[in-house]
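Taking it in order: structure first as structure tokens, then the write-up.
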Amino acid sequence: MKRLAGKVSIVTGSDRGIGKGIAIALAKEGCSVVVNGHKKGKDALDAVKEIKSLGSDAIFVEADVSREQDVRNLIKTSVEKFGRLDILVNNAGILVSGTITTLTEKDWDRQMDVNLKGVFLCSKYAIRQMISQKKPGRIINIASIAGIVGFPGISAYCASKGAVTELTREAALDYAKYGITVNAIDPGVIVTDMTKSMLDDKPTRKSLMDNTPVGRFGTPEDIGNAAVFLALDASGFITGHNLVVDGGWTAR
Ligand code: NAD
């Protein structure tokens, strides 16, 4: 029995990387998936094709999560296609490098717009839809261990993820009465385009591995498995939680 059969999800930033891993993990459990990215290209079409090959339905909706009009359209198009929305995974994110003294105001704003305002906007319209359905819902925010421990050289990124972690707890309180749970996943180092330049640099790779007790970097599938767990009906008593999936990084 597929554990998410009949459910409908939106995974932001799911044309590649962790988002795609989450989209595939949800689809394997029978969930329909709205794949999103800010540009329609081959990656988006491939992700939709792969999900359909697993027997679940999928569409791609182009939307920049930092733009309110795009987000309204993302939720509207999804509900028009599938008739409901059960699960929102706020995964879309960027990593802008820089310390407080080197970052420009423009870079700071872009980092916050995508990683934090994007979570606010997508949650706003998804939760309104979930409340109107009068059915339980799931919001899953992809934060980061960079929101709970410091990482040098990525000040705005750390601040954005710390804020997502706290917004998760706050929203869990506001929407518990509607049966909507709000949780975060805090990935450690996961092999994706975002970490490619770090992992291609030998000394950085070694230092990251030295801090990962299980002795391997994470995969999008690792995060997908955690997202499925939080999406299940059986997880309805879990809300406001940060699920660390980091191979032991923060346990040290
Ligand atoms: P990635 O760069 O491989 O993928 C990012 C995704 O976000 C892409 O699908 C891209 O299209 C989408 N995206 C970017 N800006 C967008 C926008 N404005 N609107 C809509 N979509 C947008 O990165 P990833 O490693 O897969 O990261 C996914 C999430 O996981 C991010 O929130 C990231 O901060 C978080 N994370 C990653 C790691 C890691 O080690 N890779 C660790 C902790 C947290």
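What follows is calculated from the coordinates using simple rules that are stated; it is not laboratory data. For clarity, every value in this text was computed on a predicted model and none was experimentally measured. Positions of Cβ are generated from backbone atoms using ideal geometry, with glycine treated the same way; all protein chains shown enter the neighbour counts.
The separation of the range 67-81 from the range 154-186, counted between C-alpha centres, amounts to 21 Å.
Convex hull volume of the C-alpha atoms in the chain, normalised per residue: 125 Å³.
Taking the Cα centre of the range 8-244 as reference, the dipole from Cβ charges on Lys and Arg (+1) and Asp and Glu (-1) amounts to some 400 debye. Label separation (THR99 vs ASP193): 3.0 nm, computed from points 7 Å beyond Cα along the C-beta direction.
Projecting the Cα atoms of PRO187, SER78, GLY218 onto the charge dipole of the chain (Cβ charges, centred on the Cα centre) puts SER78 farthest toward the positive pole. Residue exposure proxy: PHE120, PHE237, ordered by other Cβ atoms within 10 angstrom of their Cβ from fewest to most, comes out as PHE237, PHE120.
Extension gain, TYR178-ASN73: 0.36 nm per intervening residue step, less the Cα-Cα distance, totals 35.4 nm.
Specify the residue with the greatest mean-square fluctuation among LYS52, LYS106, LYS134, computed from a Gaussian network of the chain linking alpha-carbon atoms under 10 Å apart. Sorting by GNM fluctuation, first place goes to LYS106. Between ARG3 and VAL149, the contour length at 0.36 nm per residue exceeds the alpha carbon distance by 49.2 nm. Electrostatic tally near ARG84: other residues with Cβ closer than 12 Å to its Cβ, Lys and Arg +1, Asp and Glu -1, net +2.
Every Cα-Cα pair of the range 124-231 was included, and the share exceeding 25 Å stands at 32 percent.
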